[in-house]
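Just below is one structure, and these are the notes that go with it.
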Amino acid sequence: MSQTNFDLAYEEIFSFWDEIPKKDREYICRNSYAFTYSKGKNIHDGSECSGVILVRSGSLRLYMMSDEGREITLYRLHRGDVCMLSASCVLDAVTFDVLLDVEEESECYVIGGSAFAAVAERNPSVKIFALETAVGRFSDVMWVMQQILFMNMDKRLAIFLSDESARTGSDTIELTHEQVARYMGSAREVVSRMLKYFAKEGIVEVSRGGIRISDKKRLHELTL
């Protein structure tokens, strides 16, 4: 991958790109790498600074795991999204471990954490971008926690199905009950029971191919 390709991509994504010296832009590009990750691969296990990850295509899932193996999905990353929480060496305030898995085959640009951190130390605008990106994602994390702690399961599932339908532009959610449970931080059995109830009420149709929303109006009413 040429430095020109990295430069063009970063100019589009990084608000600070035109503000930093050319030598720092070149330094970041020299320490950038293009990877194509296969579905199911773990690309950050929380034990080290994996670098700043820019998603060019595909989908990634960032999550936490308890000692008992229970997963809570914090948020998902799609084309154009930047992951800062995989670069703990850039953000000293990040003291908890997160994991990052590939949901579908993804092309990503990865900037070496130490290189990004060095440029951030010399350029306050880079540090501000990193902090603002992380803080913006913490609002997503707090929304997840709010749902888990304070919302009934029917409302949480309705919100998830509605959001997923809006994201994909399809009435069919091509996910298994296990995947839905993982994304929601719940148990598969609980999700299956609630989907069975939704199906009985005519809100969705459940099959091996996924979950099809058959009554958008009633599903929306459950999200309120």
*Out of curiosity, is Tyr33 surrounded by fewer than 13 Cβ atoms within 10 Å (Cβ to Cβ), modelled with pLDDT of 95 or more and not in a helix (DSSP H, G or I)?*
yes
*asked:* Residues to consider are Ser114, Ser125; find the one that is in a helix (DSSP H, G or I), open to solvent by 90 Å² or more (accessible area, probe 1.4 Å), out of contact with any strand residue (DSSP E or B) (no Cβ under 7 Å at 6 or more places or on another chain) and of a type in the set (Ser, Thr, Tyr).
replied: Ser114
*Among the numbered conditions (1) assigned to a strand (DSSP E or B); (2) of a type outside the set (S, T, N, Q); (3) over 14 Å from the mean Cα position of the chain (by Cα), tell me where Tyr27 comes up short.*
(1)
_Suppose the filter is surrounded by 19 or more Cβ atoms within 10 Å (Cβ to Cβ), within 27 Å of Arg188 (Cβ to Cβ) and touching a strand residue (DSSP E or B) at 6+ places or on another chain (Cβ under 9 Å); does His78 pass it?_
no
*Search the stretch 94-114 for residues that are farther than 20 Å from Gly69 by Cα and pair each with any residue that is among the acidic types (Asp, Glu) when their beta-carbon atoms are under 9 Å apart and the residues are at least 6 apart or on different chains.*
Gly113/Glu48
*List every residue pair whose Cβ atoms sit under 6 Å apart, with the two residues 6 or more apart in sequence or on different chains, where the first one lies in the stretch 132-143 and is under 11 Å from Leu91 (Cβ atoms) and the second, anywhere, is surrounded by 13 or more Cβ atoms within 10 Å (Cβ to Cβ) and among the aliphatic types (A, V, I, L, M).*
Thr133/Val82; Thr133/Met84; Ala134/Met84; Ala134/Leu91
*What residue, among those in the stretch 181-215 that are over 16 Å from Lys155 (Cα atoms) and among the β-branched types (Val, Ile, Thr), is nearest to the chain's Cα centre (by Cα)?*
Ile211
*asked:* Can you pull out every residue in the stretch 20-30 that is exposed (fewer than 14 other Cβ atoms within 10 Å of the Cβ) and farther than 14 Å from Gly51 by Cβ?
replied: Pro21, Lys22, Lys23, Glu26
*Could you tell me which of the residues Arg188, Arg182 is closer than 25 Å to Ser59 by Cα and open to solvent by 90 Å² or more (accessible area, probe 1.4 Å)?*
Arg188
*Would you please name the residue that is least open to solvent (accessible area, probe 1.4 Å), looking only at residues in the stretch 196-224 that are in contact with a strand residue (DSSP E or B) (Cβ under 9 Å, 6 or more places away or on another chain) and among the acidic types (Asp, Glu)?*
Asp215
_Please pick out the residue among Ser38, Ser66, Ser50 that is at pLDDT 95 or above and more than 10 Å from the chain's Cα centre (by Cα)._
Ser38
*So which residues in the stretch 36-63 are open to solvent by less than 10 Å² (accessible area, probe 1.4 Å) and among the aliphatic types (A, V, I, L, M), if there are any at all?*
Val52, Ile53, Leu54, Val55, Leu60, Leu62
*Could you grab me the full set of residues in the stretch 82-101 that are farther than 11 Å from Leu62 by Cβ and in a strand (DSSP E or B)?*
Val82
*Any residue in the stretch 144-165 that's over 14 Å from Glu221 (Cβ atoms) and in contact (Cβ under 8 Å) with a residue 40 or more places away in the chain: show its pairings with residues that are aliphatic (A, V, I, L, M) and open to solvent by 30 Å² or more (accessible area, probe 1.4 Å) at Cβ separation under 9 Å, as long as the two are six or more apart or on different chains.*
Val144/Ile72; Ile148/Ile72; Met153/Val190; Met153/Met194
*Count, please, the residues in the stretch 82-93 that happen to be open to solvent by 40 Å² or more (accessible area, probe 1.4 Å) and either within 19 Å of Met145 (Cβ to Cβ) or out of contact with any helix residue (DSSP H, G or I) (no Cβ under 6 Å at 6 or more places or on another chain) (or both).*
3
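The values are calculated or read from the model by the stated rules, or taken from the named source; none is laboratory data. All figures in this text were calculated on a predicted structure; none of them were measured in a lab. A quick note on method: Cβ atoms are made from the backbone with ideal geometry, for glycine too, and the neighbour counts reach across all protein chains shown. Heavy atoms of the whole protein, side chains included, go into the accessibility calculation; ligands, DNA and RNA do not. Shrake-Rupley method; radii C 1.70, N 1.55, O 1.52, S 1.80 Å.
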